[in-house]
Amino acid sequence: MSQYPPMASLENIPFPQRQSHRPDDVDSLEYMEDSSSPTALEGQTARKDGSEWKPGKQEYAVMITISVVSLMVALDATILVPVLPTLALGLGGTASDAFWAGTSYLLTCAVFQPFIAAVSDLFGRKELLLISIGFFTLGTLLCAPLAKNFPVLLAGRSLQGIGGGGIITMGQVIFSDIIPLRQRPKYFSMVQGAWALGTVLGPLLGGLFVEKATWKWCFYINFPFCALGFVMVPLFVKLRAPKSSFVSKLARVDWVGGFLFIGGTTSFLIGLSWAGVQYKWSSAQTLAPIFVGINAVVAAVAWEVYFAKEPFLRPRLFSSLSSLAAYACAFGQGALIFCALYYVPFYFTAAKFHGPIQSGLDLLPVSVLLLPGSIVVSFLTTRLGRFRWAIWIGWAITALGSGLFLLLDVNTPTPTWAAIMCVFGIGNGMILTSINVAIQAISKAEDCGRAAAMYAFMRTMGMCIGVAVGGTTFQNVMADKLHQLGLPDAIAKNAEAFVHRLWTLEPTDPVRIGSLEAYVHGFHAVFWVMTGIALAGLLVSFFIRRHSMDKPLESNFVLDGAAGNLAQDQEVVQTFEPKSGHTSLSSTTLSIDCFEIPDQHSQQLDTERSEKVASFLVGPGGWRVPIDPVSGGPLPLPQRMSQASGSLPQLPQATYSAEAERQRLSSVVRSFP
């Protein structure tokens, strides 16, 4: 394997012609002054790394399509937040049932994401995106017209989670296929805008439906978006990939690893969600699924590392301290934002007696400022090529906002809680973009799609665990406070449903006064957890090292009609990274470097076996002559190079070299190992 970083594939580039490729024929090379210094070539390079890349109509069509289906998922993820108390009453369920209406969606949304991304490498991006929309549509059918009880509703929410997770991860992967990393934050802000809009409208529409119509409209609203997705995806998401038979694709899927990972994470999350809510932490119902889940995930990791031929989890995504820190930040941000989305509206409902519509409006400071913060960071990171500053500042502001939540009580005035929400929203907007960019900048260029999918998984996993931990914390702390006040702790187990009874009690009723105090005590416990997560995120973020955003766009999938395809056919540009230890023949004429010839029988480029390292001459302007040091004959153009300095023009026709210089060059080339 080469010690140099992988470069973009150059398979289709016609190699410049010359009369002879023998090493002693160096007198056919023109002797001239080298005008291709790194400074002079600066303006010619970086076409592939995206600094000059601009989208065309086809790319914009794909972005809009992803934004539309992402808006649907964002609405569905937040629309039930103010509806849960009414939903529990309407289907005759408990607070635990209402809790699982949200958790079941997040659980399946998280656990299937890495596997869906891996399968899309084989079966295609468009195909997996359509299948995900199909799962989401089927789940919506079960939730809206068919659900008469909680088991059917939970089954529908689980199917929606699979579809929603697929839509989220495919959006991330498709963007990494068509947009260079340097420009990706700027254009992905379109999807983030859809998410922010869905986050704003979700609670508002949920409250409106439950007060003016029925909670089932929270699911009916998805059908128009599903129809748009089924039309727009086949029309615009036309990504071509290497073709192979359906049977061979099935054989290449990592079924064993997928079964162990999905089953293990599901078992672990179920046990964690039960802990302290439905069963005690020390009970067998809690410990057994957690123990089974941990062991299954460990077995999955071992399988991926040692046995899988084509692992769906790529271990090298976690090969550095920076990547581990970035994924930890994504996990923490997911846990933080969903704790806020679930328990801040609950605070307004229980402690401030706001109705469902008003509770949705109360989230506007967070949702409205999250989008501008995210967009500003997107444009600045694209322009500056730096992202760590946004992570650090974002976590600091978020930690401040989370800590300020502890000031909330039953008498907090509106300007105070609105200002606190603004601070929290700005911080989360900065983190949302910068961590996503960091994870993809840390990974190799060919791993950006999988890294983006892993970011989505870690963030969704954080959402699921954040809601579970928040629910456990709130219920247990509230129950302890109720016990201290001499009130039944059963109120804590049905906290959502008890809110409606709380509204009917007189202001001087001791039950109302004590219950309100217990509610606020429980909310403060959740806010303490959020503050701890934010401070931990800030600390961990300092382990992220500086990485370049100027990565080449490497993907097996090509967008039909993409703006960048023609430009790549007309001009081939590579990145020059000088390495120590290279042999230089002349500072003004030629240099020698090395490349690898990939084994033709290798299945994967990233695990290729390489034949003997050969040599080539690099001339003025960046052109090069590949030479076999043994036979002196021409060699195939390499797919991985250690050096390149700009365009590859045709070799100059005029030839001149002094005899002494010719002999010197020939002797050096012959002795090159």
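Miscellaneous remarks
- Contact annotation: residue pairs with Cβ atoms under 6 Å, 6 or more positions apart or on different chains, pairing a residue in region 239-267 that is more than 27 Å from VAL62 (Cα to Cα) with a partner that is charged (D, E, K, R) and in a helix (DSSP H, G or I), are GLY257/GLU304.
- Criterion applied to ALA110, ALA77, ALA147 was being aliphatic (A, V, I, L, M) and farther than 30 Å from ASP254 by Cα, and the one residue passing it is ALA147.
- Per the listing THR472, THR460, the residue uniquely in contact (Cβ under 8 Å) with a residue 24 or more places away in the chain and touching a strand residue (DSSP E or B) at 6+ places or on another chain (Cβ under 8 Å) is THR472.
- The listed residues are LEU317, LEU380, LEU324, and the only one of them that is surrounded by fewer than 17 Cβ atoms within 10 Å (Cβ to Cβ) and more than 30 Å from VAL81 (Cα to Cα) turns out to be LEU324.
- Leading residue by the ranking (nearest to TYR347 (Cα to Cα)) among those in region 377-426 that are assigned to a helix (DSSP H, G or I) and in contact with a Lys or Arg (Cβ under 7 Å, 6 or more places away or on another chain): SER378
- Selection from region 447-485 of residues that are touching a Leu at 6+ places or on another chain (Cβ under 7 Å) and of a type outside the set (S, T, N, Q): ASP447, CYS448, ARG450, ALA451, MET454, MET463, CYS464, ILE465, GLY466, VAL467, ALA468
- Residue within region 138-147 that is surrounded by fewer than 22 Cβ atoms within 10 Å (Cβ to Cβ) and under 24 Å from PHE123 (Cβ atoms) present: yes
- Counting only helices (runs of 4 or more DSSP H) that fall entirely inside region 229-306 and contain at least 3 residues that are closer than 30 Å to GLY102 by Cβ and at pLDDT 90 or above, the qualifying elements are 255-274, 284-306.
Rundown of residues vs (1) buried (at least 18 other Cβ atoms within 10 Å of the Cβ); (2) at pLDDT below 50; (3) within 27 Å of ARG184 (Cα to Cα), yes/no style:
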{"position": "ALA536", "(1), (2), (3)": "no, no, no"}
{"position": "GLN570", "(1), (2), (3)": "no, yes, yes"}
{"position": "LYS579", "(1), (2), (3)": "no, yes, no"}
{"position": "HIS582", "(1), (2), (3)": "no, yes, no"}
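- Region 492-515: number of residues that are over 15 Å from PRO345 (Cα atoms) and assigned to a helix (DSSP H, G or I): 13
- Hits in region 101-134 - residues which are surrounded by fewer than 23 Cβ atoms within 10 Å (Cβ to Cβ) and among the aromatic types (Phe, Trp, Tyr): PHE123
- In region 383-421, residue nearest to LYS352 (Cα to Cα) [restricted to those that are polar (S, T, N, Q) and crowded, with 21+ Cβ neighbours inside 10 Å]: SER402
- Scanning region 319-333 for residues that are part of a helix (DSSP H, G or I) and either among the polar types (S, T, N, Q) or at pLDDT below 90 (or both) gives SER322, SER323, GLN333.
- Residue check for PHE259: farther than 30 Å from THR286 by Cα and aromatic (Phe, Trp, Tyr): no
- Residue within region 149-166 that is closer than 30 Å to LEU89 by Cβ and assigned to a loop (DSSP other than H, G, I, E, B) present: yes
- Matching entry among VAL292, VAL233, VAL253, VAL247 (being surrounded by fewer than 16 Cβ atoms within 10 Å (Cβ to Cβ), of a type in the set (Val, Ile, Thr) and farther than 30 Å from VAL366 by Cβ): VAL247
The values are calculated or read from the model by the stated rules, or taken from the named source; none is laboratory data. Quick caveat, the model's predicted, so the values are computed rather than measured. When we count neighbours, we look across all protein chains shown, and the Cβ atoms used for this are built from the backbone with ideal geometry, even at glycine.
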